[in-house]
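Take a look at the structure below.
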Amino acid sequence: MSTFCFSVESDSVPSTLPRVLEVFAMHDLVPDACHCVCGASGLSMDLQLSGIDAAAAALLAKRLGRVVTVTSVLFSPKCGRAAAA
């Protein structure tokens, strides 16, 4: 089990954030972190979720991409930071 990061881009529509979070809720999951910024190009959301494997992350990304206002979804495992010398 790992921590995965999801980057979601969408149109600036008020219902987008609840719809994106609903994808996690439908799987009984709560993201560890969620950061959203609304800019000229739309809504950018960065989410982190721990305790899932790559197959589950791919499934979540696929379902996030099906949210009506979402235009792009990227995901990757979170890389650990190198220890300071």
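Give the long-range amide H neighbours of ASP32: residues separated by 5 or more places, or on another chain, with amide H under 5 Å away, using H modelled in the peptide plane at 1.01 Å from N.
GLN48, LEU49, SER50
All other residues with a Cβ under 15 Å from the Cβ of THR16 taken together, and with Lys, Arg as +1 and Asp, Glu as -1, what is their net charge? Intermediate values should be presented prior to the final figure.
Working: positive: ARG19, ARG63, ARG66; negative: GLU9, ASP11, GLU22, ASP46.
Value of the local net charge: -1.
Once the other residues with Cβ under 9 Å from the Cβ of CYS5 are scored (Lys, Arg +1; Asp, Glu -1), what is the net sum?
So the surrounding residues net to 0.
Can you give the net charge of the other residues whose Cβ lies under 12 Å from the Cβ of SER72, counting K and R as +1 and D and E as -1? Write out the running numbers ahead of the final one.
On the way: positive: none; negative: GLU9, ASP11.
Charge balance near SER72 sits at -2.
Can you put MET26, MET45 in order, fewest other beta carbons within 10 Å first?
Going from sparsest to densest Cβ surroundings: MET26, MET45.
Using the Karplus curve 6.51 cos²θ - 1.76 cosθ + 1.60 with θ = phi - 60°, work out ³J(HN,Hα) for each residue of region 8-24 in order, rounded to whole Hz, and write x for Gly and Pro.
The phi angles translate into 10, 10, 8, 5, 7, 10, x, 7, 5, 4, x, 5, 5, 5, 5, 4, 5 Hz.
May I ask you to sort VAL23, VAL68 by Cβ crowding, counting other Cβ atoms within 10 Å and putting the fewest first?
Arranged by neighbour count, lowest to highest, VAL23, VAL68 become VAL68, VAL23.
Which order do peptides 33-39, 13-19 fall in by mean Cβ count within 10 Å, highest first?
In decreasing order of mean packing, 33-39, 13-19 become 13-19, 33-39.
Averaging sequence separations of C-alpha pairs under 8 Å and six or more residues apart, then dividing by the length of the chain, give the relative contact order as a whole percent.
That works out to 47 percent.
None of the figures in this text is laboratory data; all of them are computed from the coordinates on show. None of the values given here were measured: they were computed from a predicted structure. Note that we place each Cβ from the backbone using ideal geometry, even for glycine, and neighbour counts take in every protein chain shown.
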